[in-house]
1. Is it true that some residue in region 126-138 is touching a residue at least 60 places away in the same chain (Cβ under 8 Å) and either within 17 Å of SER65 (Cβ to Cβ) or surrounded by fewer than 13 Cβ atoms within 10 Å (Cβ to Cβ) (or both)?
2. Quick check on region 107-117: of everything there that is loosely packed, with under 15 Cβ neighbours inside 10 Å and part of a strand (DSSP E or B), which residue is modelled with the lowest pLDDT?
3. Looking at this structure, is SER25 out of contact with any Asp or Glu (no Cβ under 6 Å at 6 or more places or on another chain) and assigned to a loop (DSSP other than H, G, I, E, B)?
4. Which condition breaks for THR38 when tested against (1) within 19 Å of GLY9 (Cβ to Cβ); (2) over 27 Å from the mean Cα position of the chain (by Cα)?
5. Which one of these is assigned to a strand (DSSP E or B), out of contact with any Cys (no Cβ under 9 Å at 6 or more places or on another chain) and more than 30 Å from THR23 (Cα to Cα): VAL48, VAL78, VAL127?
6. Based on what the data block shows, is TYR97 at pLDDT below 95 and either buried (at least 18 other Cβ atoms within 10 Å of the Cβ) or more than 30 Å from ASP28 (Cα to Cα) (or both)?
7. Restricting attention to region 28-45, report how many residues are outside any strand (DSSP E or B), closer than 28 Å to SER65 by Cα and in contact with a strand residue (DSSP E or B) (Cβ under 6 Å, 6 or more places away or on another chain).
8. So, in region 85-125, of the ones that are of a type in the set (S, T, N, Q) and more than 9 Å from the chain's Cα centre (by Cα), which residue ends up nearest to PHE68 (Cα to Cα)?
Amino acid sequence: MQDKFFCYGDTILVSSGLTGPYTFSWNDSIFSDSLFITSPGEYHLHVVDTNGCDIRDTLIAQMDSLFFYFSLGPDTSVCQNSLFGCQSGQSLIHSYYWNTGDTTSHIRIIHAGTYWCEATSHFGCKVKDTINVWIRGVRPVAVFIADTVCFGDSSTLQGLSYAFAPEQISS
């Protein structure tokens, strides 16, 4: 039998593929030619024909772990225009889909609200998490101007950065 891979919450049906007068035993407790699997682990099949000839095989069922690791974290407050993304499980993710329509690992938070992200693992399993985000202020914007000079000449750099109350820019 070929090993199986499945997503959290799924049930897979495994069949011996044999027909005829056989006796089947899965893990010495289930006597059927097929088995429903809902948990990862090793599953041992013992098949005996009417002549007493037998065969044993083992199937390993593995569950995708993205469900256990993917998280946007707890509800939070951020500065407007901040980037926000998954807080854990990034290495297990193949693709993202946000309720904003973005398909990147991070989104820019412009407005307070409820955001969700559906992540798809490398094995095709999908997991979704939701978070409430509040705006606590506006992220400072760095704006610099400089005069045009030739290489080796000195120049003046003037900072025109700004922040909205109650945020401040420290030097």
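1. Yes, because at least one residue in region 126-138 is touching a residue at least 60 places away in the same chain (Cβ under 8 Å) and either within 17 Å of SER65 (Cβ to Cβ) or surrounded by fewer than 13 Cβ atoms within 10 Å (Cβ to Cβ) (or both).
2. Here is the first cut: in region 107-117, the ones loosely packed, with under 15 Cβ neighbours inside 10 Å are 108, 110-114, 116.
Narrowing further to those that are part of a strand (DSSP E or B): 108, 113-114, 116.
Working: ARG108: 93, GLY113: 97, THR114: 98, TRP116: 97.
Looking at residues that are loosely packed, with under 15 Cβ neighbours inside 10 Å and part of a strand (DSSP E or B), I get ARG108.
3. On the way: out of contact with any Asp or Glu (no Cβ under 6 Å at 6 or more places or on another chain): yes; assigned to a loop (DSSP other than H, G, I, E, B): no.
Taking the combined requirement at face value, the residue does not satisfy it.
4. For THR38, the exception is condition (2).
5. Details: VAL48 fails: more than 30 Å from THR23 (Cα to Cα); VAL127 fails: out of contact with any Cys (no Cβ under 9 Å at 6 or more places or on another chain).
Every option except VAL78 fails the conditions.
6. Details: at pLDDT below 95: no; either buried (at least 18 other Cβ atoms within 10 Å of the Cβ) or more than 30 Å from ASP28 (Cα to Cα) (or both): yes.
The answer is no for TYR97.
7. So the count comes out to 1.
8. The first filter runs over region 85-125 and keeps only residues of a type in the set (S, T, N, Q), leaving 87-88, 90-91, 95, 99-100, 103-105, 114, 120-121.
From what's left, more than 9 Å from the chain's Cα centre (by Cα): 87, 99-100, 103-105, 114.
Details: GLN87: 13, ASN99: 21, THR100: 24, THR103: 21, THR104: 21, SER105: 18, THR114: 22 Å.
Of everything passing the filter in region 85-125, GLN87 is nearest to PHE68 (Cα to Cα).
The values are calculated or read from the model by the stated rules, or taken from the named source; none is laboratory data. The model shown is predicted, which means the values in this text are computed figures rather than measured ones. Reconstructed Cβ throughout: ideal geometry from the backbone, glycine too, with neighbour counts over all protein chains shown.
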